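Student: I'd like to ask you about the structure that follows.
Here, each number is a calculation from the coordinates, and none is a lab measurement. All figures in this text were calculated on a predicted structure; none of them were measured in a lab. Note: ideal-geometry Cβ built from the backbone for every residue, glycine included; neighbour counts use all protein chains shown.
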Amino acid sequence: MTSFSTPSVHACPGCGAFFLRRRLRSFNFFGSRDWSDGVPSMWWRQEPLVRCTTCAALFWLEDIEPVGIMPEASRPIGRFRRAWLRLRGDPQGLLQGEEEWGRAMASWGQANYIGSVNFDDVMYVLARSKGISRPRVLWLRKRIWWGLNDRYRSCQDGSPIPDVPIWPQALERSNMEAILTILRDGDGHPSEMIEQGELLRQLGRFDEAIAVLKAVPADGHSEVRAVKIERLARSGDSQVRELHPATW
């Protein structure tokens, strides 16, 4: 079961408007689909780059510290019970909780959940990415890769994903090559090796893909995923595919 704690409250660095951020308490993968390019498909995921719904500013969530945590919503307290609680010294903290909720609503009651970014937003930030960290550049390029791959995916009901972006093939391949270069300069983590193999497969470099995927170290998970993608490479398949059964 996926559940959330009360959200944290943040202030937009562009306009100062308050926004809410979900805090995951527990999760499962029900309804998620496992694609060979590793695109996150969990409905509860939070992307690192967000858009303010008030001023449209784009910023990285990890750069913004919370200004507070929304308290639990208080239940209505009747007049006689209120008097009794005051007389008893509010042993369960119900009156205090009511006061905290009132203060929170006075300050943050108009706050909305933070907005998500679209494909054009990601391209805009990538074009101005000089000097930003490797993980952020990698995420931006992977987000573009995943977005372009949406033309091969479908919704849960089997219908095509709407409004899929389109790039010239040369530009799309150039982005994939750039991701590959970044990953090769990494520490050789199994997940990044699998991504390298998938990129090589989609680029049609099947022998290289097979070699990388066969070298993925066994940890009870990574090698299973690598074998599935290796099978696609051996069959000469260069299209993103849904993996069955899912390998999380």
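Student: Return the lysines within reach of Lys214: Cα separation strictly under 30 angstrom, same-chain partners fewer than 8 residues apart disregarded; answer none if there are no such residues.
Tutor: Leaving aside lysines fewer than 8 places away in the same chain, those within reach of Lys214 are Lys142, Lys228.
Student: Would you mind ranking Val227, Val122 by Cβ crowding within 10 Å, fewest neighbours first?
Tutor: So the residues, fewest neighbours to most, are Val227, Val122.
Student: In degrees, nearest 10, range 0 to 90: what is the angle between the Cα axis of helix 169-184 and the longest Cα principal axis of the chain?
Tutor: Computed tilt is about 80 degrees.
Student: Could you work out how far apart the two model spin labels at Gln46 and Val164 are, taking each label as a point 7 Å from the Cα in the direction of the beta carbon, and quote it in nm?
Tutor: A separation of 3.1 nm, rounded to one decimal place.
Student: Run the paramagnetic zone check for Ser26: 7 angstrom along Cα to Cβ, then residues of region 1-20 with backbone nitrogen under 15 Å.
Tutor: 1-6
Student: How far is helix 79-88 tilted, in degrees, relative to the longest principal axis of the Cα atoms in the chain, given as a value from 0 to 90 rounded to the nearest 10?
Tutor: For 79-88 against the chain, the angle is about 90 degrees.
Student: Would region 119-235 count as rounded, prolate or oblate if I go by the C-alpha gyration tensor, calling it rounded below 1.5 in a/c and otherwise prolate when a/b exceeds b/c, oblate otherwise?
Tutor: Oblate is the answer for region 119-235, as a/c is 1.5 or above yet b/c matches or exceeds a/b.
Student: Sort Tyr152, Tyr124 so the one with the fewest other Cβ atoms within 10 Å of its own Cβ comes first.
Tutor: Tyr124, Tyr152
Student: If you don't mind, there's one more thing I want to ask. Quick one: order Arg51, Arg201, Arg136, Arg86 by neighbouring beta-carbon count within 10 Å, fewest to most.
Tutor: With the sparsest Cβ surroundings first, the list reads Arg86, Arg136, Arg51, Arg201.
Student: Round to the nearest 0.05 the FRET efficiency obtained for Trp60 and Arg86 when R0 = 41 Å and r is the Cβ-Cβ distance.
Tutor: My answer for the efficiency is 0.35.
Student: As I understand it, the value is the acute angle between the Cα axis of helix 190-202 and the longest principal axis of the Cα atoms of the chain; what does it come to in degrees, rounded to 10?
Tutor: Tilt relative to the chain: about 50 degrees.
Student: Separate question: Take peptides 183-189, 166-172 and line them up by average Cβ neighbours within 10 Å, highest first, as a rough protection proxy.
Tutor: Going from most to least packed, we get 183-189, 166-172.
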